[in-house]
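Asks: Have a look at this one.
The values are calculated or read from the model by the stated rules, or taken from the named source; none is laboratory data. This is a predicted model, so every value here is computed, not measured. With ideal geometry, Cβ positions are generated from the backbone for all residues, glycine too; neighbour counts draw on all protein chains shown.
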Amino acid sequence: MTANGWVQILFFCVVLFAITKPMGIYMLKVFDGSYRWLGFLERPIYRICGIDEKEDQHWTSYAVGMLLFSAVTMLVTYVALRLQGTLPLNPQHFPGVVDRQSFETAASFATNTNWQSYSGESTMSYLSQMSQLAMHNFASAAVGIAIAIAVIRGISRRSAGRIGNFWVDTIRGTLYILIPFAFVLALLMVQQGAIQNFSPYLTVPTLEGAKQTIAMGPVASQEAIKQLGTNGGGFFNANSAHPFENPTPWSNFLQMIAIFVIPAGLTYTLGRMVKHQRHGWAVWAAMFILFFAGTTTAYWAEARGNPIHAAEGLDVKASSLQSGGNMEGKEVRFGIANSALFAVITTDASCGAVNAMHDSFTAIGGMVPLVNIQLGEVVFGGVGAGMYGMLLMVILTVFIAGLMVGRTPEYLGKKIQSREIRMVMLAVLASPLVILGFTAIASVLPAGLKGLNNSGPHGFSEILYAYTSAFGNNGSAFAGLTGGSYFYNTTLGIATLIGRFAVIVPALALAGFLSERKVVAESVGTFPVATPLFVGLLISVILIVGALTFFPALALGPIVEHFLTSARVLF
Amino acid sequence: MAALTHSLFDQKLMTIAARDAFRKLSPRHMVRNPVMFVVLVGSVLTTLSLVHTIVTGGGSIGFTLQISLWLWFTVLFANFAEAMAEGRGKAQADSLRKSRQEAMAKLLADPSNHLDFELVPATKLRTGDYVICVAGNVIPGDGEVVEGVASVDESAITGESAPVVRESGGDRSAVTGGTKVLSDWLIIRITANPGETFIDRMIALVEGATRQKTPNEIALTILLSALTIIFMLAVVTLQPFAIYAGTSLSVPVLVSLLVCLIPTTIGGLLSAIGIAGMDRLIQQNVIAVSGRSVEAAGDVNTLLLDKTGTITLGNRQAVEFFPVPGTTVEQLADRAQLSSLPDETPEGRSIVVLAKERFKLRGREVGAGEGHGEMKFVPFSAATRMSGVDFNSTMLRKGAGDSIAKWVRENGGTVPREIDAIVERISREGGTPLVVAESEHGKARVLGAIYLKDIVKGGMRERFDRLRAMGIRTIMITGDNPLTAAAIAKEAGVDDFLAEAKPEDKMQLIRREQSGGRLVAMTGDGTNDAPALAQADVGVAMNTGTQAAREAGNMVDLDSNPTKLIEIVEIGKQLLMTRGSLTTFSIANDVAKYFAIIPALFLATYPALGALNLMRLHSPQSAILASVIFNALIIIALIPLALRGVKYRPAPAGIILRRNLVIYGIGGIIIPFIGIKLIDVILVFVHAV
């Protein structure tokens, strides 16, 4: 680890802290309708779509709206991908995408996962990228933010199950937050050197005299929303490691901040909406501590490098001449600190963009992203998804520990009883069911084992990572796993759908139930939700629930690999 | 019932509980508790695997046998805990049953004719029947006294040997079946059918027969069930993972891991904690109608306490006479004494005594003589708020300032301005001013005021401080004027007061508190308290109260001690804390168990995982066995804690939370590391593995 690396990490932390409040206030005002500087666009949209913006929906209608919207957009994408060959803006004349991949891609993008079992530059036309994938990048992110806002409304309101209007929330999130921010970010990316064109691919002679095809495309615009909406689906297969997607350390910094800006801001919005700003900051603090711990661990593990190298007498120390540590699969222009930081951010959030190959990380360095996703991506998390996921954990914390103060558990004055806890546990249960279930199937079925490029614990980690990433709607890949088969396309597609909707629907139900509860007065006897003690407790619950669920699987993957590497065994 | 309390680990109770632990193995009972049901299924599976091992001859019989045995112990220990908690209640129910003798009732055909009765067994009585009970009779059923006054021995239900007076009308008209008339006679209208009487309900409650899961218990059961499912997924998928790694796990090993991980500690003790909480209330002589109200007691934000009898001693004492100008203090004392002669209240008597001590005025006989004719007593009523005597053409009245002023004006007098100053001064000092006025020959005048002083009970300030520390506000309810109320409130240390309270004001106050999201607890005894008792979240009726009050409340205090409310709240809080602490402990335990079992499971395949064997346990078999044994023994070890409740000291939530987290959270992580290692060492020492 170097001073330079730490300065960059700390700079990121400071900027993250600084943007939280302004972003939070902006989102608060957008969703309560008091900032309407794009009203001239917003109102006609309502008129054309027949949306009554005053309508306050019951949580069931809200959920049905969300499910319908997701289903229809997913179907449209499936059809568009299948028919790609007959549609315009396809200078490379790519044929239609195969059925299994079309399903998986449609599911994956509709759920904000962006798991890609294909290489963008050799599979997707410009039309598919821009009209379908980019559309989902906006829409799925807007849905996520809408859900988070709706859940917070349920907590803060007393409104007999009514938690806002899905259509209004989604449109406002897109119009006021995603489009303007993505627009600015895209310009910044272009300024840094990301490409934005519709040219056919270039063929250039290399220095050795060989011919190389260089992929082109409207990259910067895609890139902006890919980060901002925590989507993560790269234009190119190399994702943010590709120099056209992420050319400079500055563009890298912007990409990292873009991932966290909305999730971090939402903690402030939470504080304002529930009228308990210190609670909002407590949630921020819990997220930040987990983020910082993850970053430190990953940076330490990567900077330390492969113990075998050191044992062989190789110089792995960082110096002015070399990065040192484990540079396999990392870009030299980012180095170890920025690669570790990016890996942690992209998996804390459900982004999944990568600027280095997680598969090439050391065992512990690679376990950090894996654990981040398994904890539910609640460390800032995906846009909206991180917030409602975290609120589920907050309620679980309040329920387990709340009794210890001698009162029946309550969260911000709302009693947590069997209906609420049932919803929380439904959402929590989905993750071991899908992740462990599918991993178990894949690790014994020939169809699953066939996709492995590595054996032993590392191969196991690859399978575990794939389903974890799919369920967590992350979309980053450990790589090393050949995901393009009927078995993986189908099961991973299903995992993304369950990971999205088996969490959202209980979260909306929870919000509806809480909005039906009357508010209990606060006193010194009330469970504190804004103290350091609460922050510690919340972190413990997140870690313990995650660890208890996944410890056996982790022990057989990265943990044993770590010990074996120390014993000089590689896979 | 004080005499019926049992020590926590009475030999006889333990024997019965041990027997019941086996009886509770029936699947129909076990399925109510999903966590322990899973352990039961696991025990059966392991036992089958044992049989299979014996028949086929492969594998380690000794190891599987020990695992099976300890798994069965785990289930039995949990059942034992529940049986222990029920045991104490059962013993009490048995004594209650004995007290409910097969009494004969003297059924009256006509309540106005006391002589025409028919002897019938008490079980034949129905609601609406009239019975007569004379000295020596056991009251055959719950009822309302319609005629007569008698002293009644209620020790059978309250444990209090001093007899109490029951009389018709007023707030002491309720009688309970099973109690005994000691003197005089009563005519009673029966208000409960056999099987529905108070004593029947009490037996059912202490036995836990009518026990239903409380809302929080249901929610907690959902959490524990979900955790159980998560661990089942973690354990079930471990087999394919093992196959991938090139090995395979046996059924006893997988079941052991599962049982160690699922929250058996809290799962096994949850119902015992609930029953024990009810039992602690019963030890305090409070009968709760449901567990729900005990939980609500823990959540209470506001306590409404009647001033008289709760915060202050019941009787106020006259300490000073303040005449208005134009009246001598002797004159006032004389008139005050005269007006109080027939007044049997403690206040009235203290006035007579004060006049006698200060001015040597003898207590005179009520009735004709001494210069006045036949004296007619005008009793105090809530409507007039004054009392007094009439004789000849003279009327004497004493009462609240405003009501006397009204009376004086109505009787053609004027109210001197000085009396206001006197009243205000007494009030500000926390006394109750009792204004004395007379009317002679149709002309009324105010004589002065008597200073009645309230005596605040000792130790109340400290108790209110404790409540405040827990975030509970106390509101004093009093009929006194605001000035008096404020002074007493200050002296007693309550947070707020409601002065000049009428029953409907109390109701309004409860509604207002509740609409602000606060839970309210109160005590009451009179019929006019009944609506408020029903409205309050925790309504504690005094056993001496009327039948209406006892039915409206959700708890009955057999000692009729209104300050008991504070203990009730503490018991409620303690119950919830115990539940939370043991849940935390149970979940925290899993960390150590993982470090014991996971390396043990895969040591053969991945020797490198031995690095996770932080406890340096002897062998995979000893590690698994030690974990299972620890898991079983911890249930037994925590039974006393579950029954007694966690240590409870009033403090703000943050401080309580920190303390319990340190003990049960961090302790829950550390203790199993030590425990499992210790058991492992012993197992190796006795060559069990």
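Asks: Where residues in the stretch A:538-556 are modelled with pLDDT of 90 or more and either outside any helix (DSSP H, G or I) or more than 7 Å from chain B (Cβ to nearest Cβ) (or both), which of them is nearest to A:Gln277 (Cα to Cα)?
Replies: Among residues in the stretch A:538-556 that are modelled with pLDDT of 90 or more and either outside any helix (DSSP H, G or I) or more than 7 Å from chain B (Cβ to nearest Cβ) (or both), the one nearest to A:Gln277 (Cα to Cα) is A:Leu538.
Asks: Could you tell me whether B:Ala637 is away from chain A (no Cβ under 14 Å) and under 30 Å from B:Gly471 (Cβ atoms)?
Replies: Answer is no for this residue.
Asks: Looking only at residues in the stretch A:510-536 that are over 19 Å from A:Gln417 (Cα atoms) and more than 7 Å from chain B (Cβ to nearest Cβ), which one is surrounded by the fewest Cβ atoms within 10 Å (Cβ to Cβ)?
Replies: Ranking the qualifying residues of the stretch A:510-536, first place goes to A:Pro532.
Asks: Would you mind finding the one in B:Arg649, B:Arg658 that is within 14 Å of chain A (Cβ to nearest Cβ), within 44 Å of the chain's Cα centre (by Cα), farther than 25 Å from B:Ala272 by Cβ and without any contact (Cβ under 8 Å) to a residue 12 or more places away in the chain?
Replies: Result: B:Arg658 is the single residue among B:Arg649, B:Arg658 that is within 14 Å of chain A (Cβ to nearest Cβ), within 44 Å of the chain's Cα centre (by Cα), farther than 25 Å from B:Ala272 by Cβ and without any contact (Cβ under 8 Å) to a residue 12 or more places away in the chain.
Asks: Also: Only one of these conditions is not met by A:Asp56: (1) more than 25 Å from A:Arg500 (Cβ to Cβ); (2) in a loop (DSSP other than H, G, I, E, B); (3) not aliphatic (A, V, I, L, M). Which number is it?
Replies: (1)
Asks: Identify all residues within the stretch B:445-463 that are closer than 27 Å to B:Ala400 by Cβ and under 20 Å from the mean Cα position of the chain (by Cα); write none if there are none.
Replies: B:Met460
Asks: Which ones in the stretch B:445-486 are out of contact with any Asp or Glu (no Cβ under 7 Å at 6 or more places or on another chain) and either in a strand (DSSP E or B) or aromatic (Phe, Trp, Tyr) (or both)?
Replies: Within the stretch B:445-486, B:Val446, B:Gly448, B:Ala449, B:Ile450, B:Lys453, B:Phe464, B:Met476 meet the criteria.
Asks: Suppose we filter the stretch B:399-444 for residues that are among the hydroxyl-bearing types (Ser, Thr, Tyr), without any contact (Cβ under 8 Å) to a residue 40 or more places away in the chain and assigned to a helix (DSSP H, G or I); how many remain?
Replies: 1
Asks: Check B:Arg550, B:Arg579 and return the single one that is within 18 Å of the chain's Cα centre (by Cα), at pLDDT below 90 and in a helix (DSSP H, G or I).
Replies: None of the other options fit; the residue is B:Arg550.
Asks: Can you run down the residue pairs with Cβ atoms below 6 Å, 6 or more apart or on separate chains, where the first is in the stretch B:217-234 and more than 8 Å from chain A (Cβ to nearest Cβ) and closer than 22 Å to A:Leu436 by Cα and the partner is among the β-branched types (Val, Ile, Thr) and part of a helix (DSSP H, G or I)?
Replies: Between residues of the stretch B:217-234 that are more than 8 Å from chain A (Cβ to nearest Cβ) and closer than 22 Å to A:Leu436 by Cα and residues that are among the β-branched types (Val, Ile, Thr) and part of a helix (DSSP H, G or I), the close pairs are B:Leu224/B:Val35; B:Thr228/B:Val35; B:Thr228/B:Val38.
Asks: Taking the stretch B:492-518 only, how many residues are buried (at least 18 other Cβ atoms within 10 Å of the Cβ), free of Cβ contacts under 8 Å to residues at least 24 places away in the same chain and in a helix (DSSP H, G or I)?
Replies: 1
Asks: Here is a check on your reading of the model: is A:Asp348 surrounded by fewer than 24 Cβ atoms within 10 Å (Cβ to Cβ), more than 8 Å from chain B (Cβ to nearest Cβ) and under 25 Å from the mean Cα position of the chain (by Cα)?
Replies: Considered against the rule, which asks whether it is surrounded by fewer than 24 Cβ atoms within 10 Å (Cβ to Cβ), more than 8 Å from chain B (Cβ to nearest Cβ) and under 25 Å from the mean Cα position of the chain (by Cα), A:Asp348 comes out as no.
Asks: Residue check: is B:Thr247 of a type in the set (S, T, N, Q), touching a residue at least 60 places away in the same chain (Cβ under 8 Å), more than 14 Å from chain A (Cβ to nearest Cβ) and farther than 30 Å from A:Leu510 by Cα?
Replies: No: the conditions fail for B:Thr247.
Asks: Have a look at B:Ala469, B:Ala489, B:Ala521 and point out the one that is under 22 Å from the mean Cα position of the chain (by Cα) and surrounded by 24 or more Cβ atoms within 10 Å (Cβ to Cβ).
Replies: Result of the check over B:Ala469, B:Ala489, B:Ala521: B:Ala521.
Asks: I'd like to verify a number: residues in the stretch B:184-199 that are surrounded by fewer than 16 Cβ atoms within 10 Å (Cβ to Cβ) and either in contact with a Pro (Cβ under 8 Å, 6 or more places away or on another chain) or under 18 Å from B:Ala549 (Cα atoms) (or both), how many?
Replies: 1
Asks: Only helices (runs of 4 or more DSSP H) wholly contained in the stretch B:1-95 count here; list those with 2 or more residues that are over 24 Å from B:Ala637 (Cα atoms).
Replies: In the stretch B:1-95, the matching helices (runs of 4 or more DSSP H) lie at B:27-30, B:34-56.
Asks: While we're here: So how many residues does the stretch A:17-69 have that are closer than 27 Å to A:Glu420 by Cα, aliphatic (A, V, I, L, M) and free of Cβ contacts under 8 Å to residues at least 24 places away in the same chain?
Replies: Here the count works out to 2.
Asks: A follow-up question, please. Filter the stretch B:250-281 down to the residues that are within 11 Å of chain A (Cβ to nearest Cβ) and either part of a loop (DSSP other than H, G, I, E, B) or at positive phi (or both) and list them by number.
Replies: B:Ile262, B:Pro263
Asks: Which strands (runs of 3 or more DSSP E) sit wholly inside the stretch B:137-198 and have at least 3 residues that are touching a residue at least 40 places away in the same chain (Cβ under 8 Å)?
Replies: Per the criteria, B:143-147, B:180-190.
Asks: Can you name the number of the only condition in (1) under 14 Å from A:Ala340 (Cα atoms); (2) among the aliphatic types (A, V, I, L, M); (3) outside any helix (DSSP H, G or I) that A:Val379 fails?
Replies: The one condition A:Val379 does not meet is (1).
Asks: Could you say which residue among A:Val168, A:Val151 is farther than 24 Å from A:Glu121 by Cα and in contact with a helix residue (DSSP H, G or I) (Cβ under 7 Å, 6 or more places away or on another chain)?
Replies: Of the residues listed, the single one that is farther than 24 Å from A:Glu121 by Cα and in contact with a helix residue (DSSP H, G or I) (Cβ under 7 Å, 6 or more places away or on another chain) is A:Val151.
Asks: Suppose we filter A:Leu497, A:Leu481 for residues that are more than 8 Å from chain B (Cβ to nearest Cβ), among the aliphatic types (A, V, I, L, M), free of Cβ contacts under 8 Å to residues at least 40 places away in the same chain and more than 30 Å from A:Val274 (Cβ to Cβ); which single one remains?
Replies: Matching residue, one of A:Leu497, A:Leu481: A:Leu481.
Asks: Now, a different point. If you go through the stretch B:99-147 one residue at a time, how many are surrounded by 15 or more Cβ atoms within 10 Å (Cβ to Cβ), of a type in the set (Gly, Ala, Ser) and at pLDDT 85 or above?
Replies: Qualifying residue count, the stretch B:99-147: 2.
Asks: For the stretch A:300-330, how many residues are free of Cβ contacts under 8 Å to residues at least 40 places away in the same chain, charged (D, E, K, R) and either assigned to a helix (DSSP H, G or I) or over 19 Å from A:Pro249 (Cα atoms) (or both)?
Replies: Number of matching residues: 3.
Asks: All but one of (1) more than 14 Å from every other protein chain (Cβ to nearest Cβ); (2) in contact with a Leu (Cβ under 9 Å, 6 or more places away or on another chain); (3) buried (at least 21 other Cβ atoms within 10 Å of the Cβ); (4) part of a helix (DSSP H, G or I) hold for B:Ala541; which doesn't?
Replies: (4)
Asks: Looking only at residues that are in contact with a Ser or Thr (Cβ under 7 Å, 6 or more places away or on another chain) and crowded, with 22+ Cβ neighbours inside 10 Å in the stretch A:316-336, which one is farthest from A:Tyr388 (Cα to Cα)?
Replies: Filtering the stretch A:316-336 for residues that are in contact with a Ser or Thr (Cβ under 7 Å, 6 or more places away or on another chain) and crowded, with 22+ Cβ neighbours inside 10 Å, the one farthest from A:Tyr388 (Cα to Cα) comes out as A:Asn326.
Asks: While we're on this one: Does the stretch B:326-334 contain at least one residue that is surrounded by fewer than 17 Cβ atoms within 10 Å (Cβ to Cβ), in a loop (DSSP other than H, G, I, E, B) and at pLDDT 80 or above?
Replies: Checked the stretch B:326-334: at least one residue is surrounded by fewer than 17 Cβ atoms within 10 Å (Cβ to Cβ), in a loop (DSSP other than H, G, I, E, B) and at pLDDT 80 or above.
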